[in-house]
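The values are calculated or read from the model by the stated rules, or taken from the named source; none is laboratory data. Just so we're clear, the structure is a prediction, and the values are computed from it rather than from any experiment. Because the Cβ atoms are built from the backbone with ideal geometry, glycine has one as well, and the counts that use them run over all protein chains shown.
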Amino acid sequence: MTNKRLKSLRANAFQSQSGRCYYCGLPMWQVSPDELALRPRSAGPFRCTAEHLVARQDGGKDVVGNVVAAHAACNQRRHKHPATAPSPTDYRTLVQREMANGEWWPR
Ligand SMILES: [Zn+2]
């Protein structure tokens, strides 16, 4: 599903975000969970994925600036209810608020 171009955009975003999630700010892994010293079974949610700030269905392109790097879990949670998915900015604010309360990632 992930094409070459999107892969390299994701890698770029990962670099420019210092390997941290666009939404929650915690580290992500790209190739192997070993990067974060996570056990493979619990590592899935922390995988780095490409997130489009403007969705492709809304005309968002695969270009620098429209693709950011985010955890698989953070990405999925935004799109849980597609009809009411918050904008990336609103979602980021929400995630940051829950992070501050220690409620975003399950303990
Ligand atoms: Zn995250």
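Scanning the stretch 21-34 for residues that are without any contact (Cβ under 8 Å) to a residue 24 or more places away in the chain and either assigned to a helix (DSSP H, G or I) or within 16 Å of the ligand (Cβ to nearest atom) (or both) gives Pro27, Trp29, Gln30, Pro33, Asp34. State whether the residues of the stretch 35-47 include one that is touching a helix residue (DSSP H, G or I) at 6+ places or on another chain (Cβ under 8 Å) and assigned to a strand (DSSP E or B). There is at least one residue in the stretch 35-47 that is touching a helix residue (DSSP H, G or I) at 6+ places or on another chain (Cβ under 8 Å) and assigned to a strand (DSSP E or B).
Residue-by-condition table, conditions (1) of a type outside the set (A, V, I, L, M, F, W, C); (2) touching a helix residue (DSSP H, G or I) at 6+ places or on another chain (Cβ under 9 Å); (3) at pLDDT 95 or above:
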site: Thr49; (1), (2), (3): yes, yes, yes
site: Val67; (1), (2), (3): no, yes, yes
site: Ala70; (1), (2), (3): no, yes, yes
site: Ala73; (1), (2), (3): no, yes, yes
site: Arg97; (1), (2), (3): yes, no, yes
site: Trp105; (1), (2), (3): no, yes, no
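The C-beta contact set for the stretch 44-55 (first residue among the β-branched types (Val, Ile, Thr), second residue part of a strand (DSSP E or B), distance under 8 angstrom, 6+ apart or interchain) comprises Thr49/Ala69; Thr49/Ala70; Thr49/His71.
Only one of these is more than 14 Å from the ligand (Cβ to nearest atom) and either under 22 Å from Leu94 (Cα atoms) or at pLDDT below 95 (or both): Ala11, Ala37. Name it. Explain how you work it out, then say what you get.
Values: Ala11 fails: either under 22 Å from Leu94 (Cα atoms) or at pLDDT below 95 (or both).
So the residue among Ala11, Ala37 that is more than 14 Å from the ligand (Cβ to nearest atom) and either under 22 Å from Leu94 (Cα atoms) or at pLDDT below 95 (or both) is Ala37.
The set of residues from the stretch 8-51 being in contact with a strand residue (DSSP E or B) (Cβ under 8 Å, 6 or more places away or on another chain) and either charged (D, E, K, R) or exposed (fewer than 12 other Cβ atoms within 10 Å of the Cβ) (or both) comprises Arg10, Arg20, Glu35, Arg47, Glu51. Just a yes or no: is a residue in the stretch 8-18 free of Cβ contacts under 8 Å to residues at least 40 places away in the same chain, closer than 19 Å to Gln96 by Cβ and part of a strand (DSSP E or B)? Checked the stretch 8-18: no residue is free of Cβ contacts under 8 Å to residues at least 40 places away in the same chain, closer than 19 Å to Gln96 by Cβ and part of a strand (DSSP E or B).
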